[in-house]
Amino acid sequence: MARARTRRIKRPLQLSPPGSTPGLVITPPEAEATTAKIIAYNSTEVLEQPLGSLDELSALLNRFSVVWLDIDGLCDAQLVQQLGELFGFHRLALEDVMNINQRSKMEQYGDHHFMVMRMLVQGEVADTEQFSLFVGTNFVVTFQEKRGDCLEPVRTRIRGNRGRIRKAGPDYLVYALVDAVIDAYFPLLEEYGNKMDALEDEIISAHQTDTIARIHEMKRDLLTIRRATWPLREVINPLIRDANPLIPEETRLYFRDCYDHVVRIIDLIENYRELSADLMDLYLSMVSHKMNEVIKVLTIISTIFIPLTFIVGVYGMNFDPDSSPWNMPELRMRYGYPVTMAFMGLIVVGMIIYFYKKGWLTNPPVNDRSDHQTRS
């Protein structure tokens, strides 16, 4: 599937000025307009609608076993503060929601937990956005920077009552969301694996001027993905090992699967980063090899012309054979010119035969890569 071209956005390291009050909620620069949607459900019914008033949201919390408030765009800082007052979110957590340069983490605040992850942004350039999540006894509140995400399969399962998601609590919804964010990395990494195979074939078969730039871009994309996924182990590990009233033992088994996926993703990223470094070395080696081939051809040509130049130089000297019998008597020969040319031709043929027998005129065969190892 073709992806639209995107650019990397340089984000400030910190939104709030140094020394400001802790928990300061500031709208990020270039933030998209805020849209909020409610998906409330239990085992028998589901309700999906835009967020109206906070009083309506409070009524839904009393009516349904799970209420998922899905917020796209962080332009409305006032709404974030109002939600913090309604659910009792800690102001430091709200500050982290708006500060979109957070590292993936999981924090516990009494009766609710706060989680930050990096979610892939669909585009030609690998980039991520911040995905923040609050979970309580019967609610899940998610924040993301922009519209469009990888969570639609979770919404589809809720609408269609597929699996056990409508029968479980908010802890299982958190698992489904985390699993969807993590699994979205696999298709991208598979695509990078295919790109590396194609680049390796391209490097060996034909020299492209933009190959080095494409390898460098791939290394930079892999570094972006690594920074997003490496801390996920620290996020999920406490959900597996530590006793948690919001995450029962049954759901912890599912989070083990998420942890396994994270480890697989990290292993793939490390393998691909090593492969990209190997591709860089291979490219430089092939460039050096091609340069050596050019130098070899030029050297052979120069070597062939050295004796010819010597002969031509000798017979180009201005000696008078009438002055002395030792002054180039060959100039008086009837067939001196064709004999000299034939002798020079024999020298060329003899040197070519000699170079060929030495193997200097042939290239070593390139191994067939059709049986090369398939990358996992």
- How do the pairs read when you match residues in the range 29-53 that are without any contact (Cβ under 8 Å) to a residue 60 or more places away in the chain with residues anywhere that are assigned to a strand (DSSP E or B) and loosely packed, with under 13 Cβ neighbours inside 10 Å, using Cβ under 6 Å and keeping only pairs 6 or more apart or on different chains? Lys37/Pro50; Ile38/Gln49
- What number of residues within the range 32-53 satisfy the criterion of being surrounded by 14 or more Cβ atoms within 10 Å (Cβ to Cβ), of a type outside the set (Lys, Arg) and not in a loop (DSSP other than H, G, I, E, B)? 8
- Quick one: which residue in Arg220, Arg226 is part of a helix (DSSP H, G or I), open to solvent by 10 Å² or more (accessible area, probe 1.4 Å), in contact with a helix residue (DSSP H, G or I) (Cβ under 8 Å, 6 or more places away or on another chain) and of a type in the set (D, E, K, R)? Arg226
- Would you call Asp267 out of contact with any Pro (no Cβ under 6 Å at 6 or more places or on another chain), part of a helix (DSSP H, G or I), modelled with pLDDT of 85 or more and exposed (fewer than 15 other Cβ atoms within 10 Å of the Cβ)? yes
- Message: Among the residues that make up the range 179-191, is at least one of them in contact with a Pro (Cβ under 8 Å, 6 or more places away or on another chain), aliphatic (A, V, I, L, M) and modelled with pLDDT of 75 or more?
- Response: yes
- Query: Would the range 327-340 turn up any residue that is surrounded by fewer than 14 Cβ atoms within 10 Å (Cβ to Cβ), among the hydrophobic types (A, V, I, L, M, F, W, C) and at pLDDT below 80?
  - Reply: yes
- the range 175-202 residues that are touching a residue at least 24 places away in the same chain (Cβ under 8 Å), paired with ones that are among the hydroxyl-bearing types (Ser, Thr, Tyr) and open to solvent by 30 Å² or more (accessible area, probe 1.4 Å) (beta carbon under 7 Å, 6 or more apart): Tyr175/Tyr254
- Those residues of the range 341-360 which are open to solvent by less than 70 Å² (accessible area, probe 1.4 Å) and either assigned to a helix (DSSP H, G or I) or touching a Cys at 6+ places or on another chain (Cβ under 6 Å) (or both) amount to Ala342, Met344, Gly345, Ile347, Val348, Gly350, Met351, Phe355
- Query: For the range 277-297, does any single residue satisfy the condition of being exposed (fewer than 12 other Cβ atoms within 10 Å of the Cβ) and either in contact (Cβ under 8 Å) with a residue 24 or more places away in the chain or within 30 Å of Ala176 (Cβ to Cβ) (or both)?
  - Reply: yes
- Item | Count of the range 174-205 residues which are farther than 27 Å from Leu239 by Cβ and not polar (S, T, N, Q) | 13
- Note on the structure: Of (1) out of contact with any helix residue (DSSP H, G or I) (no Cβ under 6 Å at 6 or more places or on another chain); (2) modelled with pLDDT under 90; (3) among the polar types (S, T, N, Q), Thr142 fails just (2)
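Does Arg252 satisfy the condition of being more than 30 Å from Leu361 (Cβ to Cβ) and without any contact (Cβ under 8 Å) to a residue 24 or more places away in the chain?
Working: more than 30 Å from Leu361 (Cβ to Cβ): yes; without any contact (Cβ under 8 Å) to a residue 24 or more places away in the chain: yes.
In short, yes.
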- Message: Return the residues of the range 57-73 that are open to solvent by 10 Å² or more (accessible area, probe 1.4 Å) and over 21 Å from Gly169 (Cα atoms); say none if nothing qualifies.
- Response: Asp72
- Please name all residue pairs, on different chains or six or more residues apart, with Cβ atoms under 6 Å, provided the first residue is in the range 301-329 and is free of Cβ contacts under 8 Å to residues at least 40 places away in the same chain and the second residue is surrounded by fewer than 10 Cβ atoms within 10 Å (Cβ to Cβ) and part of a loop (DSSP other than H, G, I, E, B). Asn327/Asp320
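The values are calculated or read from the model by the stated rules, or taken from the named source; none is laboratory data. Since this is a predicted model, take the numbers as computed values, not measurements. Virtual Cβ from ideal backbone geometry, glycine too; neighbours counted across all protein chains shown. Surface accessibility is based on the protein's heavy atoms, side chains included, excluding ligands, DNA and RNA. Shrake-Rupley method; radii C 1.70, N 1.55, O 1.52, S 1.80 Å.
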